[in-house]
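A short worksheet on the structure shown next.
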Amino acid sequence: MSVLLLSAIGVGSVLGSISPHTGERLSGAVDATVLTLLCLLLFEVRFSDVRRLRSAPRFLVVAWCANFILIPIIGFTIASLFLSEEPLLFTGLLIYFLAPCTDWFLGFTRLAGGNTALGAVLLPVNLLTQLVLFPVFVALFARTTPVADPGSMLQTVGLWFAVPVTIAVCARLLLTRCLTAAAFDRLLQVVGVIIPWVLATVIVEIFAVHIGAILSRVEVFATILLAVVIFFTLTYLLGHILSTVFRFRYPEHALLTMTTAARNAPLMLALTMIAFPGQPLIYAALIIGMLVEFPHLTVIRVLLIRNRHTTENQPLDCTSPQPCLHRRPPRGVVRAPNVDVRNRAR
């Protein structure tokens, strides 16, 4: 994914530098590409999983507070420390920090042995919450003025959300009725493959149109990368601390770590282009954050699995309420067969 995004940046930059007229023509396709991206992203979301919210209320409350209270505070602090004098880049970086991922984090959760069933419940919760809070966060924290007041912005974002979500939900309902479960799962896999390429197309269009403005501030991009690395380090520690405090099992620990680490950059890029049209520096800050995200999630997966193996190799504590299923009986001792006391009493 990172290679694809880097390639998209390179293609768009070269295209915009060599042929400015081509870049101008591509500007007319940005809205259609963004709408396509939104439709595909929303098509993947299982809104029916909202009905399963009562399955693990304590975990869901902790994850929600981490994603929408604690992490915004961390993100605002980091952006203020590094980019307080750069309002456009500050706004883009902060928007990147604010929104938890609603799609690919679940794949990394699965690779790390996390609780993907509970993660599926988080998807619509994260999506709906960030859509509602997007105008609020922009109004409270952004260092540059959006094109509209929060009420008008909410209406605009709502309209841009209502159209793709209607298309996505209707398409999902229709296709689930027409296709078998296996065929629909294969279709979802195809959509998952297409999404990075559509995102790359958006990036090509952005850089082809705005490469001049972006290159004028290229010296600040190293600062953005450093800020993103520090942010990811702190979110990893936050997931570990919360999992320890609330005594989550490893599958929930892995899920919490992944959902607080991964960011919803594609959707935020689309919404930011709606709220802040013609501001390439804001978009560039978001895109730079995406470049670090996939290597970061890969490293987190390795750390989680290593921590899990370390924990599982520790001597088992038979004073805990969990049964010692893996302890072998001493030599010469035959384990008694399991007996149903109720049946024996009869």
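Any read-out appearing in this document is the output of simple, stated calculations on the displayed coordinates, not a laboratory observation. These figures come from a predicted structure and were not determined experimentally. Here the Cβ positions follow ideal geometry from the backbone for every residue, glycine too, while neighbour counts run over all protein chains shown.
Below is a table of values for the structure above.
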item	result
Dipole axis of region 225-309 (+1 Lys, Arg; -1 Asp, Glu on Cβ), positive-most option in T244, A227, A261	T244
For H240, H210, order by how many other beta-carbon atoms lie within 10 Å, fewest first	H240, H210
Inter-part distance where region 167-208 and region 266-288 are each reduced to a Cα centre, Å	22
q = 0.07, 0.08, 0.10 Å⁻¹, region 2-308: log10 I(q)/I(0) [Debye, one scatterer per Cα]	-0.26, -0.34, -0.54
Long-range HN-HN contacts of R263 with modeled amide H, under 5 Å	C101
Positive minus negative residues near Y96 (Lys, Arg vs Asp, Glu; Cβ under 10 Å)	0
Residue-count net charge about A254 - beta-carbon cut-off 10 Å; Lys, Arg +1, Asp, Glu -1	+3
Separation of the V245 and S80 label points, Cα + 7 Å toward Cβ, nm	2.0
Cα centroid separation - region 217-233 against region 67-142, whole Å	16
